[in-house]
Amino acid sequence: MAVGIFDSGLGGLTILDAVQARLADQDFVYLADSANAPYGVRTPDDIYDLTVAATQRLFNAGCDLVVLACNTASAAALRRMQENWVPSDKRVLGVFVPLIEALTERHWGDNSPPRQVAVNHVALFATPATVATRAFQRELSFRAIGVDVEAQACGGVVDAIEDGDMILADALVRSHVDALKRKMPHPQAAILGCTHYPLLKDTFLEALGAEVSVFSQADLVAESLADYLIRHPDKTGGGTAAFLTTGDPKRVSARATQFLRRGITFTAA
Ligand code: DGL
């Protein structure tokens, strides 16, 4: 059975890459809702409706397990989907919790009460919609006490990446890091809370400085998905991947190939 990987656009490919490297025999279907990207400026209802439609599309493609490789969808839609919509024979997982478990030094399924952790000053970079939900702070408060989170809504970055304008994306990241540092001059850790941002990881690292540890969501999600699949071993296959988009397949394939530096061919969803 293939695992579905969903993002509004190309950002989820950073997750797919890490997951494929970790799980060589697993089949994947990737869906980019390019026609409706970016999600980060939409309302929670809108994000919910679009995420449900995309997840259904992946269920229809034969995926019983779908990973929302999109922080905006995970923050704004996942809990509501799990409570009201996901059929009992399907699973939908998000990308937030593995990251927070790593930050709070927990293993999967550790539901013990919140406790003090090593990192106390955390910078969160995410889309405006993700920041507005405060989902990161909520999930963190279930697991840790005394962590000060400063969130920076990084308007414009996803649009610039989807348009292939990396000069603009680079300039925007630097100005968002400056804005964050005015509010929190010495963060100990930074979370790249949008799956598009690893495409600009070097810019974040340079602008933040060597003393800030940057958490890599892709590797953490890959580990956590590997963990899940080992506990549900019926889901392996031949290591294939299919790429679907609601946008223009030619344009999306060209951008994806540019970002991941390997040939990727999308077809119409
Ligand atoms: N890459 C997605 C995320 O992780 C969504 C970006 C967007 O569509 O605004 O938040």
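Could you grab the pairs with beta carbons closer than 7 Å, sequence gap of 6+ or different chains, first residue in the range 226-245 and farther than 8 Å from ASP27 by Cβ, second one part of a helix (DSSP H, G or I) and at pLDDT 85 or above?
ALA226/ARG22; THR245/SER34; THR245/VAL252
Select, from ALA151, ALA179, ALA160, the only residue that is at pLDDT 95 or above, aliphatic (A, V, I, L, M) and loosely packed, with under 15 Cβ neighbours inside 10 Å. Spell out how you get there, then give the answer.
Working: ALA151 fails: loosely packed, with under 15 Cβ neighbours inside 10 Å; ALA160 fails: loosely packed, with under 15 Cβ neighbours inside 10 Å.
Checking each option against the conditions leaves just ALA179.
Where the second residue is within 16 Å of the ligand (Cβ to nearest atom) and of a type in the set (S, T, N, Q) and the first is closer than 15 Å to LEU99 by Cβ and part of a helix (DSSP H, G or I) and lies in the range 191-211, which pairs have Cβ atoms under 6 Å and are six or more apart or on separate chains?
Going by the 6 Å Cβ cut-off, the qualifying pairs are PRO198/THR14.
What are the pairs, 6+ residues apart or on separate chains, where a residue within the range 160-172 that is within 18 Å of SER34 (Cα to Cα) has its Cβ under 6 Å from a residue that is outside any helix (DSSP H, G or I)?
Once the first residue is within 18 Å of SER34 (Cα to Cα) and sits in the range 160-172, its partners that are outside any helix (DSSP H, G or I) give ILE161/HIS196; GLU162/GLY9; GLU162/ALA37.
For LEU99, all conditions in the list (1) more than 26 Å from GLN188 (Cβ to Cβ); (2) at pLDDT below 95 hold save one; what is the number of the exception?
(1)
Looking only at helices (runs of 4 or more DSSP H) that lie completely in the range 34-90, which have at least 1 residues being within 23 Å of GLN217 (Cβ to Cβ) and touching a residue at least 60 places away in the same chain (Cβ under 8 Å)?
44-60, 71-76
Consider the range 1-54. How many of its residues are away from the ligand (no atom under 11 Å from the Cβ) and either over 11 Å from CYS70 (Cβ atoms) or touching a Lys or Arg at 6+ places or on another chain (Cβ under 7 Å) (or both)?
Residues of the range 1-54 away from the ligand (no atom under 11 Å from the Cβ): 1-5, 16-31, 35, 43-46, 48-49, 52-54.
Next, only the ones that are either over 11 Å from CYS70 (Cβ atoms) or touching a Lys or Arg at 6+ places or on another chain (Cβ under 7 Å) (or both) stay: 1-4, 16-31, 35, 43-46, 48-49, 52-53.
The total comes to 29.
The values are calculated or read from the model by the stated rules, or taken from the named source; none is laboratory data. Only a predicted model underlies this, so the values are computations on that prediction, with no experimental measurement involved. Note that we place each Cβ from the backbone using ideal geometry, even for glycine, and neighbour counts take in every protein chain shown.
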